[in-house]
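Written below as structure tokens is the structure these notes are about.
The values are calculated or read from the model by the stated rules, or taken from the named source; none is laboratory data. These figures come from a predicted structure and were not determined experimentally. Glycine also receives a Cβ, built like all others from the backbone with ideal geometry; neighbour counts cover every protein chain displayed.
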Amino acid sequence: MKIAHVCLAGAYTEGMSYQDNMLVDINRRDRHEVLVVSDCMKFQDNRLVETPPEDYITANGARLVRLAFDWTGPRYLTNKIKRCSRLMPLLEEFRPDVILYHGVIGWELLTLGKYKEKYPETRIYVDSHEDRYNSGTNWVSLTFQYRILTRWLVWRVLHQIDKIFCISLEVRDFMKDVLDLPDEILEYYPLGGIVVPDEERQRIRREQRKLLKVADTCILFFHSGKLDRKKRTLEILNAFRLVKTGNARLLVAGSIEDNARNLLEPAIAADDRVIFLGWKGREDLSALMCAADVYVQPGGQSVSLQHAICSGLPVLVFPYPSHEPFLRGNGFFVRTEADIAERMTEIVDAPENLPAMRAASYEVAYDLLDYRKLAARIYR
């Protein structure tokens, strides 16, 4: 089967753990021919940078083509409209059986309709990551970019799209409330992860704890990501300081952003039970999750939560509606610093509850988050 991933709003970057990367990896493992079409942006040293148009075969065997946007006025407007006349000829050259267009955004939504008219047997899926937290966050963007332009674009081709995948319940609400899309075109399709079987997790746990010099009986909390104020890392550090035991550690991996450096660095140094590792790549993060006992994420939403659950980790997370499907006896919702401290203490005082919570995380992982299962959905 030929599968095209169109990521004109995604800055596709090899080696990342985002949804488009993981799906492409699984598609290739399932021996499908894969084309990835990206804009001319990528992540480098944890920063978003421009890159020239290019066309090459990636390490996993997919073909990656970066296309520049057509000039449509000032750079800001060009990047918002995302018009790319080279997309249609490229798709016609590749002739995919399935197109997965990442993001309900951009002028090239119209190309999906044109392509379907010429090749009606092609299945076309669009996934949406837009919600009220990350899209249309001011009146101008909400009104002109989404309620007017994006709504007009998607309704022009709606009858030619097989499904719009919503990565969260909040995305589904955004699609219905802002774009007025009918419920029957929408399908829940969460961000996922690679499930680490329990036997493999235990092996990696032993190896990593030896490297970290953390005893097997020690309760290891884990927090990761881009460490800024929205991540609420400072509240986690303050809460952990209230956990009065020497048999617990807080592992922190990530890059400290400039707007939080003067607060986080002293807080990390103030508690010798905190292990700060700096920024880690996908494979290292996966190994560290296997070493940990609990993943802590009370701030902004991140795909790291799904990866943690797929590693069998109980979780402490903020009660966003999108998190509700992921908690089934495998963790706790936390809102405040006091909540975090209370739940950490509860876990440390009753470690015998962790195996059941870990088993519950695996149930959620296999039911909702396994990327093998999510990738198989686009094959039909």
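The table that follows gives values for the structure above.
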{"item": "Those residues of segment 123-139 which are within 18 Å of Leu149 (Cβ to Cβ) and either in contact with a Gly (Cβ under 8 Å, 6 or more places away or on another chain) or not charged (D, E, K, R) (or both), in sequence order", "result": "Val126, Ser128, His129, Glu130, Asn134, Ser135, Gly136, Thr137, Asn138, Trp139"}
{"item": "Pair list, Cβ < 7 Å and 6+ apart or interchain, from segment 161-179 residues that are touching a residue at least 40 places away in the same chain (Cβ under 8 Å) to residues that are buried (at least 20 other Cβ atoms within 10 Å of the Cβ) and among the acidic types (Asp, Glu)", "result": "Phe165/Asp127; Ile167/Asp127; Ser168/Asp131; Glu170/Asp131; Val171/Glu130; Val171/Asp131; Phe174/Glu130; Phe174/Asp131"}
{"item": "Unique residue being assigned by TED's automatic domain parsing to the domain that holds Leu313, assigned to a loop (DSSP other than H, G, I, E, B), under 26 Å from Gly299 (Cβ atoms) and not small (Gly, Ala, Ser) when the list is Arg335, Arg358", "result": "Arg335"}
{"item": "Candidate set from segment 324-339 (those that are of a type in the set (Phe, Trp, Tyr) and free of Cβ contacts under 8 Å to residues at least 40 places away in the same chain); member that is surrounded by the most Cβ atoms within 10 Å (Cβ to Cβ)", "result": "Phe332"}
{"item": "Residues that are buried (at least 16 other Cβ atoms within 10 Å of the Cβ), free of Cβ contacts under 8 Å to residues at least 60 places away in the same chain and within 21 Å of Cys290 (Cβ to Cβ), drawn from segment 209-245", "result": "Cys218"}
{"item": "Candidates Leu327, Leu263, Leu288, Leu316 - the one that is within 19 Å of the chain's Cα centre (by Cα), of a type outside the set (Phe, Trp, Tyr) and farther than 22 Å from Thr217 by Cβ", "result": "Leu327"}
{"item": "Residue under evaluation Gly103, criteria (1) of a type outside the set (Val, Ile, Thr); (2) in contact with a Lys or Arg (Cβ under 7 Å, 6 or more places away or on another chain); (3) on the phi > 0 side of the Ramachandran plot, criterion not met", "result": "(2)"}
{"item": "Selection within segment 340-356 - free of Cβ contacts under 8 Å to residues at least 12 places away in the same chain and either of a type in the set (A, V, I, L, M, F, W, C) or crowded, with 17+ Cβ neighbours inside 10 Å (or both)", "result": "Ala350"}
{"item": "One residue from Phe174, Phe144 being aromatic (Phe, Trp, Tyr) and under 30 Å from Ile309 (Cα atoms)", "result": "Phe174"}
{"item": "Test: Glu92 is within 15 Å of Ala4 (Cα to Cα), surrounded by fewer than 17 Cβ atoms within 10 Å (Cβ to Cβ) and either in contact with a strand residue (DSSP E or B) (Cβ under 9 Å, 6 or more places away or on another chain) or not small (Gly, Ala, Ser) (or both)", "result": "yes"}
{"item": "Leading residue by the ranking (farthest from Leu369 (Cα to Cα)) among those in segment 157-166 that are surrounded by fewer than 22 Cβ atoms within 10 Å (Cβ to Cβ) and of a type in the set (A, V, I, L, M)", "result": "Val157"}
{"item": "Test: residue in segment 52-69 that is modelled with pLDDT of 95 or more, of a type in the set (Ser, Thr, Tyr) and under 29 Å from Arg377 (Cβ atoms)", "result": "yes"}
{"item": "Hey, Arg343 over 20 Å from the mean Cα position of the chain (by Cα) and assigned to a helix (DSSP H, G or I) or not", "result": "yes"}
{"item": "Strands (runs of 3 or more DSSP E) enclosed by segment 1-82 - at least 2 residues per element that are in contact (Cβ under 8 Å) with a residue 60 or more places away in the chain and farther than 23 Å from Tyr146 by Cα", "result": "2-7"}
